[in-house]
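These notes are about the structure you will find just below.
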Amino acid sequence: MKKSEKLEKLKQTCLNCQACVLGTTRNNIVFSDGNPDTAKAILIGEAPGANEDMTGTPFVGRAGKLLNEFLEKAGISRKEDLYIINTVKCRPPENRVPTNEEKAECVKYLNEQINIVNPKLLIFCGSTALQSFYDKKVPISKIRGTWLDVTVEGNTYKAMPIFHPSYLLRNHSLEPGKPRALMMEDLEKISELIHR
Ligand code: SF4
């Protein structure tokens with residue numbers, strides 16, 4: 001069975017999920033984007049926002065558009081090189097950060113998606129995604145751009161934390177050493193590994 005077929009079965013389970021309170025207020029499950037059969041990396045974001053909740057697709061608002069621009073500049077195809085998911089599949093009201101209880105309920109789906117796709121690497125986009133897989137408390141600004149080894153239910157993956165694009169929306173400078181320049185450096189390293 002192709003990875004996409006296995007994931008479609010899992011998606012059907014998620015469509016009926018009410019395991020945490022977020023299931024009561026969502027409009028749509030935000031399951032994934034990208035092509036699991038060709039993806040070399042899984043990019044993990046925080047949680048769906050209003051645009052994602054309405055469309056059922058991750059990273060489609062302003063932050064998503066900015067992410068697309070960075071990916072394109074780094075030579076990473078969002079549709080072919082990446083499979084994109086979030087730490088929770090339903091939108092937290094008022095765009096709050098998902099709680100530990102909500103993440104703990106949803107992580108079974110996340111882990112299954114990761115192990116079905118079995119990518120070369122994981123990309124933790126922002127601190128919420130990082131903290132779901134890395135138990136040391138380190139600010140994203142200190143750990144971004146470094147390679148980590150992360151184990152997901154017995155399988156070990158190379159992983160890199162990067163800034164979340166919503167942080168870059170508030171930081172416009174392109175000067176060396178500033179967040180946008182560092183994001184570009186990180187994505188270039190990721191692109192190099194994807195295409196190796
Ligand atoms: S966030 Fe995850 S665990 Fe909670 S209802 Fe949605 S799919 Fe289920």
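The values are calculated or read from the model by the stated rules, or taken from the named source; none is laboratory data. The shown structure was predicted, so the numbers you read here are calculated from the model rather than taken from an experiment. Quick reminder, even Gly has a Cβ in these numbers, built from the backbone with ideal geometry, and neighbours come from all protein chains shown. To get the accessible areas, we keep the full protein, side chains included, count just its heavy atoms, and leave off ligands, DNA and RNA. Shrake-Rupley method; radii C 1.70, N 1.55, O 1.52, S 1.80 Å.
In table form, for the structure just shown:
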quantity: Single unsatisfied condition, residue 62 versus (1) closer than 22 Å to residue 37 by Cβ; (2) more than 16 Å from the ligand (Cβ to nearest atom); calculated: (1)
quantity: Output for segment 1-31, where each listed residue is open to solvent by less than 30 Å² (accessible area, probe 1.4 Å) and among the small types (Gly, Ala, Ser); calculated: 23
quantity: Elements of type strands (runs of 3 or more DSSP E) in segment 47-160, at least 2 residues being open to solvent by 60 Å² or more (accessible area, probe 1.4 Å) and out of contact with any helix residue (DSSP H, G or I) (no Cβ under 8 Å at 6 or more places or on another chain); calculated: 148-152
quantity: Hits in segment 88-107 - residues which are near the ligand (Cβ under 8 Å from one of its atoms) and not hydrophobic (A, V, I, L, M, F, W, C); calculated: 89, 98, 102, 105
quantity: Single match in 29, 85 (criterion: within 12 Å of the ligand (Cβ to nearest atom), at pLDDT 95 or above, under 17 Å from residue 121 (Cβ atoms) and not basic (Lys, Arg)); calculated: 85
quantity: Test for residue 6: is it modelled with pLDDT under 95 and either within 12 Å of the ligand (Cβ to nearest atom) or on the phi < 0 side of the Ramachandran plot (or both); calculated: no
quantity: Residue list for segment 109-157, restricted to those being touching a residue at least 60 places away in the same chain (Cβ under 8 Å) and within 16 Å of the ligand (Cβ to nearest atom); calculated: 109, 110, 112, 113, 114, 128, 129, 132
